[in-house]
1. I'd like to verify a number: residues in segment 29-48 that are out of contact with any helix residue (DSSP H, G or I) (no Cβ under 9 Å at 6 or more places or on another chain) and surrounded by 13 or more Cβ atoms within 10 Å (Cβ to Cβ), how many?
2. Sort out which residues of segment 10-28 are within 15 Å of Thr47 (Cβ to Cβ) and touching a helix residue (DSSP H, G or I) at 6+ places or on another chain (Cβ under 6 Å), and write them in order of number.
3. Could you please give the count of residues in the chain that are acidic (Asp, Glu) and at pLDDT 85 or above?
Amino acid sequence: MWFEDARSIQAKYRLVSEYGLRGVSYWTLAQPFPQNRYILDNTFQVTKVIPAE
């Protein structure tokens, strides 16, 4: 079995910086992960893009 936890997600996010990627996206089905918001905010500068009307 494989379960995500804060350490495994943080290790994946570190790869983003290591490889100089410009962003990430993820998709989960019926698996809430409340720690993710905390990890994202402490690892990246999160910018919300609002389309112009």
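The values are calculated or read from the model by the stated rules, or taken from the named source; none is laboratory data. Small disclaimer: the values here were computed from a predicted structure and weren't measured. FYI the Cβ positions are ideal-geometry reconstructions off the backbone, even for glycines, and counts take in every protein chain you see.
1. The qualifying residues number 0.
2. Answer for segment 10-28, where residues must be within 15 Å of Thr47 (Cβ to Cβ) and touching a helix residue (DSSP H, G or I) at 6+ places or on another chain (Cβ under 6 Å): just Val24.
3. Going through the chain one residue at a time, the tally reaches 1.
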